[in-house]
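As structure tokens, the structure follows; a few thoughts come after it.
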Amino acid sequence: MRNRTFRQILVLAFFLVPACSRHEDPNRVVIWHQMRVDERVILERQLSEYMSMHPGIRVEQLYKETEELRSGFIIASIAGQGPDLVYGPSDMIGPFKVMEIIRPLDTLFSREYLDLFIPEALTYHEGGLYQIADKLGNHLTLVYNKELVSTPPATDLELLELGEQLTVDINGDGKTDRYALAWNYTEPFFFIPFLTGFGGWVMDEDGAPTLDSGAMVEALRFIQDLRDRYRIVPGEADYNIADILFKDGKSAMIINGDWSWAGYQKAGIDIGVAPLPLMTATGLYCEPMVSPKGFSVNINVPEAKLELVLDVLRFLMEPERQLETARALKTMPTRVEAVSSSFVQNDEILRNSAIQISRGRPMPVVAELRAIWDAMRPGYQAVLGGSLTPQEAADAMQALALTKIREMNE
Amino acid sequence: MNATTSARTYHRLFIFFLIGPAFLILFAVVLYPFLYNIVVSFSNMSLRHIRDWSIVGPLQYVKVFTEESQPDFYVIFFKTIVWTVVNVLFHVVIGVFLALILNQKEIRGRWLFRTLLILPWAVPQYIVALTWRGMFNFEYGSINLLITQYLGLSAVEWLKSPTEAFIACIITNVWLGFPFMMIIALGALQSIPHELYEAAEIDGASWWHKLRHITLPMIRPVMIPAITLGTVWTFNNLNIVWLVSNAGEPSDNTHILVSFVYKAAFNLYRFGYAAALSMVIFVILLVFSLLFMRRTRATEAAA
């Protein structure tokens, strides 16, 4: 009886296993993305349009927070599952390529088609094309409240001068009621423009970290001075605090990305977007990281379904759809036709955004960047927390980055 | 095959089909992942070896205990113990205290207080954690406003200093966790026969004596499993530490073991190492639970 029961369990398991395998409905396309709410609304509308043009085809979109999207896609695709298309910033391409969970796209699209995009939209890694972007940027700029700032600072000296005027104690209680500038102190991504302004970068051409440079020390010292010496930025700020300060008029300017502009306009703030200032000591502009955001194709998409998946992708990449998003959210399109449209060329915010992009540096797509962010975070926070000097922090960042990269690649 | 054997076989088959689905689900969501985790913990699975991983023996376990990491394993382990003990202690003390008050029949509108006190438990942890993080802001957070304006003390750098940030995480989790213990204790209190208190009163027992010799022993069989469960949950509570301290800030100084595992697995893709560390956590909790249950004789008392 015991053997028989065991056999019965095996038989039942045998029938259940196929039910757990990748569910292949040839007429259903699934997209995972990390688009924010206003982007999602547009995506949903565009997908509805696609489905009404193609009866019988179902395209589903599922939002996941960036980290959850990354880890969820890795787990799912390694197990032979996952969505057909995954959408996110280009820095996820590095680990995805190493793990071989996304398809190379060069062979799937003709050269003529790819030439319809600006070159920055196509993310190549280790010789293959792995992502096609519909938006370019994801970049930081100087966002200012036009009611408080008539002309944004073009250099660090102008920033300090303007900062003294804008930082005020309105009610005379000895506490600052409005700061000149705010940004997120917890994420090193927001520190990159200062690093580049002093001539530094996160890694060399071989992908080895370069965090213990003189530029790093100078940049850390500069932001420390902004807070402790000039006192024109708040004592403590993460993303939410900086965002709220700007929205409440308690900060006249904020360093924030293109994703935030529409939200500020919606909040009723008359914003201006300006390129980040020039550092007079080095003669270099503060260059943020610039990265495309786009789609990659899951390695598990079967050949039979591939054409449908690519058709959805092509549909979403059409210039009119990119322009729809650009008009609503001030995002930079990637199709040459859309970029050269009169709207993009004449819109004040998009014009300045384009200047900032041209002064930006492409975000590396190598997997090691994860380890470098992780290594920068403690040192960056420790300097602002006062527990390390800029030099100590730079040395600690470099040592930690080397350790983490070694651990990651073991 | 006679009729009796056939009936018995049919009966067994019937039982099998009743427990079969539950067994399969348990196998799929508990047993298989657990066994797979054990296998991965002996492997070199990582970013560079995600598909071609191989068994490398106890190497990852050796790394867990000997590798110089930042932060150090033993420091995080110590912090995890502090985190668990302090949290569970406050959960139980506050929970039982409030349950004793709410169990008093003289209190009017007990349902209202009960509802209000359960609220922390009802709000999603994500919302709670981010709200508390905002409240701990140095300049604009309500905690510091309270401290400076009403208590006349100087503001605390809650999220900038390692110790204060860790305390901020504990405060948030204490606020979140006491309603569970309160509900459990309240249920246990309501099941104590009132005659026991009447008899004690006749014997002239004081409030303290009644608490010590009737209430606490009577709620003990219910509270011990709840404390065990609370300990395991708190030990493994990733959300609060991760969200309040924003992934271990400042400078990775507020990690507990489970947030460290998460970081190793999903930030640095060290799956083998993370699996080994998970097994270490599992063994710690298993040993604790067995010892605690045996020492307190909780299962005997419940039986």
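The values are calculated or read from the model by the stated rules, or taken from the named source; none is laboratory data. This one's a predicted model, so the numbers in the text were calculated from it and none came from an experiment. Heads up, the Cβs are rebuilt from the backbone with ideal geometry, glycines too, and the neighbour counts pull from every protein chain shown. We work out accessible area using only protein heavy atoms, side chains counted, and drop any ligands, DNA or RNA first. Shrake-Rupley method; radii C 1.70, N 1.55, O 1.52, S 1.80 Å.
Observations on the structure shown:
- Long pairs among A:Lys175/A:Lys266; A:Lys146/A:Lys266; A:Lys146/A:Lys175, criterion Cα-Cα beyond 18 Å: A:Lys175/A:Lys266; A:Lys146/A:Lys175
- Estimated at the nearest 10 Å², the accessible area of A:Glu318 is 60 Å² with a 1.4 Å probe.
- For the pair B:Tyr126 and B:Leu290, a Förster radius of 35 Å applied to the C-beta separation gives a FRET efficiency near 0.60, rounded to the nearest 0.05.
- Here the convex hull built on the C-alpha positions of the stretch A:280-362 has a volume of 118 cubic angstrom per residue.
- Residues in the stretch A:242-283 that a label on A:Asn171 would reach, taking backbone N under 17 Å of a point 7 Å out along Cα→Cβ: A:245, A:248-251
- In Å², nearest 10: area of A:Arg361 left accessible to a 1.4 Å probe: 80 Å²
- For B:120-129, mean number of other protein chain Cβ atoms within 10 Å: 0
- Globularity index of the stretch B:1-41 is 1.81 (Cα radius of gyration / 2.2 N^0.38 Å, N = number of residues).
- With N counted as the residues of the stretch B:58-296, its alpha-carbon radius of gyration over 2.2 N^0.38 Å works out to 1.19.
- Taking every DSSP helix (H) stretch of at least 4 residues in the protein assembly as shown, weighting each as -39,500 (n - 2.57) and dividing the sum by the residue count yields a mean residue ellipticity at 222 nm of -17500 deg cm²/dmol.
- Kirkwood hydrodynamic radius over Cα pairs of the stretch B:101-147, then Stokes diffusion coefficient at 10 °C and 1.306 mPa s, in µm²/s: 124 µm²/s
- For the stretch A:258-410, the spread of Cα positions along each principal axis, largest first, Å: 51, 47, 31
- Placing pseudo-labels 7 Å out from each Cα toward the beta carbon at B:Asp52 and B:Val85 gives an inter-label distance of 4.8 nm.
- At q = 0.14 Å⁻¹ the log10 of I(q)/I(0) for the stretch B:137-269 amounts to -0.80, computed by Debye summation with a single uniform scatterer per C-alpha, solvent ignored.
- Using alpha-carbon coordinates, inclination of helix A:2-20 to the longest axis of chain A, degrees: 60 degrees
- For the stretch A:88-245, radius of gyration divided by Kirkwood radius, i.e. Rg to Rh on alpha-carbons: 1.08
- Screening chain B for whole DSSP H helices of 20 Å or more along their axis (Cα) with average Kyte-Doolittle hydropathy at least 0.5 returns B:3-26, B:73-102, B:162-190, B:216-235, B:271-296.
- Listed by chain and number, the lysines whose alpha-carbon sits under 29 Å from that of B:Lys210, ignoring those within fewer than 8 places in the same chain, are B:Lys105.
- Estimated from the Cβ-Cβ distance and a Förster radius of 56 angstrom, the FRET efficiency linking A:Ala154 and B:Tyr36 is about 0.45.
- Too-long pairs where the Cα-Cα distance tops 19 Å, listed order kept, from A:Lys404/B:Lys63; A:Lys250/A:Lys330; A:Lys97/A:Lys305: A:Lys250/A:Lys330; A:Lys97/A:Lys305
- Size-normalised alpha-carbon gyration radius of chain A, reference 2.2 N^0.38 Å: 1.10
- Kirkwood-based Rg to Rh ratio, the stretch B:3-67, C-alpha trace: 1.36
- Euclidean distance between Cα centres, the stretch A:344-410 to the stretch A:273-311, Å: 16 Å
- C-alpha long axis of helix A:348-358 to longest principal axis of chain A, angle in °: 80 degrees
- Cα-projected label distance for A:Tyr230 with A:Arg361, points at 7 Å along beta-carbon direction, nm: 2.1 nm
- Approximate spin-label separation A:Leu108-A:Glu392, in nm, with each point projected 7 Å along Cα-to-Cβ: 5.0 nm
- For B:25-33, mean number of other protein chain Cβ atoms within 10 Å: 1
- Burial here means at least 50 square angstrom less accessible surface with every protein chain in place than with the chain by itself, probed at 1.4 Å; in the stretch B:247-270 the buried residues are B:Glu249, B:Ser251, B:Phe266, B:Asn267, B:Leu268, B:Tyr269, B:Arg270.
- Overall Cα dimensions of the protein assembly as shown - principal axes, largest extent first, Å: 87, 78, 52
- Taking a ≥ b ≥ c as the square roots of the eigenvalues of the alpha-carbon gyration tensor, the stretch B:1-123 is classed oblate because a/c is 1.5 or more while a/b is no larger than b/c.
- With K and R counted +1 and D and E -1, the other residues having a Cβ less than 10 Å from that of B:Ser69 yield a net charge of -3.
- Beta bridges per DSSP, both residues in the protein assembly as shown: antiparallel share near 70 percent.
- Here the relative contact order of chain B, from alpha carbon pairs under 8 Å that lie six or more residues apart, stands at 27 percent.
- Relative contact order [Cα under 8 Å, 6+ residues apart], chain A, whole percent: 23 percent
- Viscosity 0.692 mPa s, temperature 37 °C, Stokes-Einstein D of the stretch A:320-391 from Kirkwood C-alpha radius, µm²/s: 216 µm²/s
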